[in-house]
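Asks: Take this structure, written in structure tokens, and hold onto it; I'll ask about it next.
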Amino acid sequence: MTPTNLIILDEAPEDYYVRRLDEANASGLKQMLRSPAHFKHWAENPDDDKSSPALDFGRAFHCATLEPDVFATTYVVLPDDAPQRPTVAMLNAAKPSDSSRERIAWWERFNADAVGKLILSAADYDRAQRMADSIRSHPVAAGLLVGGDREVTFRWQDDDTGLACKARADLYLPGEYLMDVKSCRDASHEGFARAVASYSYDLQQAHYLSGIRHCGDSIRWFVFLAIESEAPFVCQPHVLDVQAEQRGESLRAKAMRRQAECLQSGRWPGYSDQLNELSLPAWAYYQLEDAA
Amino acid sequence: MNMLVQQHPAPEVSPFNDGEAFKTAQRVGTAMASSTIVPKDYQNNLPNVLIAMEVAHRIGASPMAVMQSLHIIQGRPSWSASFLIATVNACGRFSPLRFEVEGDDPEADSYRVRAVAKDKDSDEQCVGPWITWKMVKAEGWSKKNGSKWLTMPALMFMYRAAAFWTRVYAPELSLGIHTEDEVQDITANYVGSAAPKTAALVDLNDTLRERAAKATTVEPVAEPAEDAAPAMPDPPKAPAAPSAQEVHDALTKAKTSDELDEAGDLIRSVPDEEARKSLLALYGKRKPEVK
């Protein structure tokens, strides 16, 4: 293992999630597959997708599944019957009514308890817990959570392109497997296969396994733990077959080469610099046959 | 079954040979797919019919025979064993498949069966591998729910012997497709197609299963130690909603605009709709008074 190839167990999220044009990670490589221009925009505008209700919930659910102890100390639930926050008028009133005083006092107590914590609605808190419970009660998925390190960062230098690379695994069990939890609408064989193809999860696997190899481990397995985000929160662990693995490696190699070339040239083009002659998809011609 | 295979010579051109053949095959296939007497997997499913036509072309059978004998089990195409035997018998290169059986009791551990046929060109005797109970048990074929190895072992021995023989001596006839009973045997007792397919993956699956079971018995996740911090601090109890009378009193007593607004904020907390209307009217009436 060279000094640049590291496994870091305690890298702070804010350090890891810094985006750079000269650094390759799975999310950036997926952008690069779309076009270098999309990658550049993504890298230079991290605040565009820093927070959204879906992302916030995703983080909470990951925490509930992978680090239940941290979840308990990081998140606080806002009960359904919580009173509305006191208005400015209430807070500034010289002689607030009894009910106003109760509202103000309730929020003061709640805010005191919630200092430094993230607030989750009761519904989201319940959903995150039920998803985590579903995983813990699956006869195989539960085994994935036994042991291993959570939120592990890998940093290495790619042999082919020289690019600095990084990856952050949800769970890493040295010598055995990497695991990534994916919430999804359909965790079934067919449904999750579509998600893998659509969101290039196979590229992510190729990138992570490359990282782990550069860092001196030769684990074979990368397990996607798919969990449906709607009741009954069915979960299913998946391992990609050989063809899917190969597709991921090809996609990654293509994106890595493209990023290295753009970095060297300083040009980050869109789809093409040339006039494009447009062909229509095959299905468009079925309509023509039907009309005839 | 022999008659079906022999009486319908294969189409001379594969549906996938060229564009013209494909167009013709599409027309024929569309007609077949619209028939109600083809099996369900092929009804209104032109792609499946086209594949059956291609398979029929390759093995020299009629498309209808292929459709009746090529079944989809848990997403995998599979032959009926009797069709596979008929295809071998009808191909003309071998004498009809025959079976050597050792033992009288199909349930006895020593019972074994193999398939044999003679190559007509070389006169060579083609002998398939023995199928034995040791093999059946080691592969776990008899352990599946509803296994026919337990209810009709003699037939299963012959079917499996024929499948193995074909795979060795005439793989071009089975096209690498397993028989129906093989697919049922090798498909593990997992839900749908999520079953692990390689030995290494089966090992990982078993390891995780053991770990999960151990974790459940040794380290119950849902039972924190008594002195551990509670999973989530109890939030403060929400105050009771103000009654209509309390809001009415607050509206009446308000001396400033702020106090009136503050009381007005409480109106929405009153559950009774009629009371809310009345309180809103009072709020509207008092507003000009406190300005």
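Asks: So A:Leu144 ticks every box in (1) facing chain B (nearest Cβ under 7 Å); (2) open to solvent by 30 Å² or more (accessible area, probe 1.4 Å); (3) within 30 Å of A:Ile7 (Cβ to Cβ); (4) in contact with a Pro (Cβ under 9 Å, 6 or more places away or on another chain) but one. Which box is left unticked?
Replies: Going through (1) facing chain B (nearest Cβ under 7 Å); (2) open to solvent by 30 Å² or more (accessible area, probe 1.4 Å); (3) within 30 Å of A:Ile7 (Cβ to Cβ); (4) in contact with a Pro (Cβ under 9 Å, 6 or more places away or on another chain) one by one, A:Leu144 breaks only (2).
Asks: Let me ask you something else. (1) at the interface with chain A (Cβ under 9 Å from one of its Cβ atoms); (2) open to solvent by 60 Å² or more (accessible area, probe 1.4 Å); (3) at pLDDT below 75: which one isn't true of B:Pro271, the others all being true?
Replies: Status for B:Pro271: all satisfied but (1).
Asks: Conditions: (1) hydrophobic (A, V, I, L, M, F, W, C); (2) farther than 27 Å from A:Ala128 by Cβ; (3) open to solvent by 50 Å² or more (accessible area, probe 1.4 Å). A:Ala193 meets all but one. Number of the miss?
Replies: It is condition (2) that A:Ala193 fails.
Asks: Considering segment B:159-195 alone, what residues qualify as being at pLDDT 85 or above, surrounded by fewer than 22 Cβ atoms within 10 Å (Cβ to Cβ) and more than 27 Å from the chain's Cα centre (by Cα)? Don't jump to the end; show me each part of the working.
Replies: Taking segment B:159-195 as the starting set, the residues that turn out to be at pLDDT 85 or above are B:159-166, B:169.
From the residues that got through so far, the ones that are surrounded by fewer than 22 Cβ atoms within 10 Å (Cβ to Cβ) too are B:164, B:169.
Within segment B:159-195, just B:Tyr169 meets the criteria.
Asks: Every residue in segment B:27-41 that is over 18 Å from B:Ser69 (Cβ atoms), open to solvent by 70 Å² or more (accessible area, probe 1.4 Å) and of a type outside the set (D, E, K, R), please. Explain how you work it out, then say what you get.
Replies: Restricting attention to segment B:27-41, the residues satisfying the condition of being over 18 Å from B:Ser69 (Cβ atoms) are B:27-28, B:30-31, B:34, B:36.
From what's left, open to solvent by 70 Å² or more (accessible area, probe 1.4 Å): B:27, B:30, B:34, B:36.
Within segment B:27-41, B:Thr30, B:Ser34, B:Thr36 meet the criteria.
Asks: Also, quick follow-up: Could you name every one of the helices (runs of 4 or more DSSP H) located completely within segment B:83-187 that has at least 3 residues being hydrophobic (A, V, I, L, M, F, W, C)? Working first, answer last.
Replies: On the way: elements: B:133-139, B:148-151, B:153-169, B:171-174, B:180-186.
Once the helices (runs of 4 or more DSSP H) in segment B:83-187 are filtered for at least 3 residues that are hydrophobic (A, V, I, L, M, F, W, C), what remains is B:133-139, B:153-169.
Asks: For segment A:81-115, which residues satisfy the criterion of being in a loop (DSSP other than H, G, I, E, B), open to solvent by 70 Å² or more (accessible area, probe 1.4 Å) and at the interface with chain B (Cβ under 9 Å from one of its Cβ atoms)? Even if it seems obvious, please write down each step before you answer.
Replies: Looking only at segment A:81-115, we keep the residues that are in a loop (DSSP other than H, G, I, E, B), and these are A:81-87, A:93-97, A:114-115.
Checking the rest, the ones that are also open to solvent by 70 Å² or more (accessible area, probe 1.4 Å) come to A:81, A:84-85, A:94-95, A:115.
Within segment A:81-115, A:Asp81, A:Gln84, A:Ala94, A:Lys95 qualify.
Asks: Continuing with this model, one more query. Return a yes/no flag: does segment A:220-238 have any residue that is assigned to a strand (DSSP E or B), away from chain B (no Cβ under 13 Å), among the acidic types (Asp, Glu) and surrounded by fewer than 21 Cβ atoms within 10 Å (Cβ to Cβ).
Replies: Narrowing segment A:220-238 to residues assigned to a strand (DSSP E or B): A:221-228, A:235-238.
Then keep just the ones that are away from chain B (no Cβ under 13 Å); that gives A:227-228.
If we keep only those that are among the acidic types (Asp, Glu) as well, we get A:228.
Right, trim to surrounded by fewer than 21 Cβ atoms within 10 Å (Cβ to Cβ) and you get A:228.
Scanning segment A:220-238, I find at least one residue that is assigned to a strand (DSSP E or B), away from chain B (no Cβ under 13 Å), among the acidic types (Asp, Glu) and surrounded by fewer than 21 Cβ atoms within 10 Å (Cβ to Cβ), so the answer is yes.
Asks: Could I ask something else about it? Can you work out which of the residues in segment B:248-268 that are at the interface with chain A (Cβ under 8 Å from one of its Cβ atoms) and not charged (D, E, K, R) is farthest from A:Ser99 (Cα to Cα)?
Replies: The residue in question is B:Thr256.
Asks: I would also like to ask the following. Among the candidates A:Tyr177, A:Tyr201, A:Tyr172, which residue alone is surrounded by 17 or more Cβ atoms within 10 Å (Cβ to Cβ), within 19 Å of the chain's Cα centre (by Cα), within 14 Å of another protein chain (Cβ to nearest Cβ) and closer than 25 Å to A:Gly248 by Cβ? Steps first, answer last, please.
Replies: Working: A:Tyr201 fails: within 14 Å of another protein chain (Cβ to nearest Cβ); A:Tyr172 fails: within 14 Å of another protein chain (Cβ to nearest Cβ).
None of the others qualify; the one that does is A:Tyr177.
Asks: For segment A:8-50, enumerate the residues that are under 21 Å from A:Cys63 (Cβ atoms), touching a residue at least 40 places away in the same chain (Cβ under 8 Å) and over 17 Å from the mean Cα position of the chain (by Cα).
Replies: Matches in segment A:8-50: A:Ile8, A:Leu9.
Asks: Kindly check whether there is at least one residue in segment B:105-114 that is at pLDDT 90 or above, within 18 Å of B:Val88 (Cα to Cα) and charged (D, E, K, R).
Replies: The answer is yes; a qualifying residue exists.
Asks: So A:Leu33 passes all but one of these: (1) in a loop (DSSP other than H, G, I, E, B); (2) surrounded by 13 or more Cβ atoms within 10 Å (Cβ to Cβ). Which condition number does it fail?
Replies: So A:Leu33 meets the others, but not (1).
Asks: Could you tell me whether A:Ala60 is of a type in the set (Gly, Ala, Ser), within 30 Å of A:Glu151 (Cβ to Cβ) and touching a residue at least 60 places away in the same chain (Cβ under 8 Å)? Spell out how you get there, then give the answer.
Replies: Numbers: of a type in the set (Gly, Ala, Ser): yes; within 30 Å of A:Glu151 (Cβ to Cβ): yes; touching a residue at least 60 places away in the same chain (Cβ under 8 Å): yes.
Judged against the criteria, A:Ala60 is a match.
Asks: A further question follows. Any residue in segment A:213-241 that's on the phi > 0 side of the Ramachandran plot and touching a residue at least 40 places away in the same chain (Cβ under 8 Å): show its pairings with residues that are open to solvent by less than 40 Å² (accessible area, probe 1.4 Å) and among the polar types (S, T, N, Q) at Cβ separation under 7 Å, as long as the two are six or more apart or on different chains.
Replies: A:Phe233/A:Ser134
Asks: Additional query: Specify the residue that is nearest to B:Met32 (Cα to Cα); the eligible residues are those in segment B:64-91 that are in contact with a Gly (Cβ under 9 Å, 6 or more places away or on another chain) and open to solvent by 30 Å² or more (accessible area, probe 1.4 Å).
Replies: Taking segment B:64-91 first, the residues in contact with a Gly (Cβ under 9 Å, 6 or more places away or on another chain) are B:74-75, B:87, B:90-91.
Now drop any that are not open to solvent by 30 Å² or more (accessible area, probe 1.4 Å), which leaves B:74-75, B:91.
On the way: B:Gln74: 24, B:Gly75: 21, B:Cys91: 25 Å.
Only one residue fits best here, namely B:Gly75.
The values are calculated or read from the model by the stated rules, or taken from the named source; none is laboratory data. This one's a predicted model, so the numbers in the text were calculated from it and none came from an experiment. Because the Cβ atoms are built from the backbone with ideal geometry, glycine has one as well, and the counts that use them run over all protein chains shown. Remember, those area values only see protein heavy atoms, side chains included, never the ligands or the DNA or RNA. Shrake-Rupley method; radii C 1.70, N 1.55, O 1.52, S 1.80 Å.
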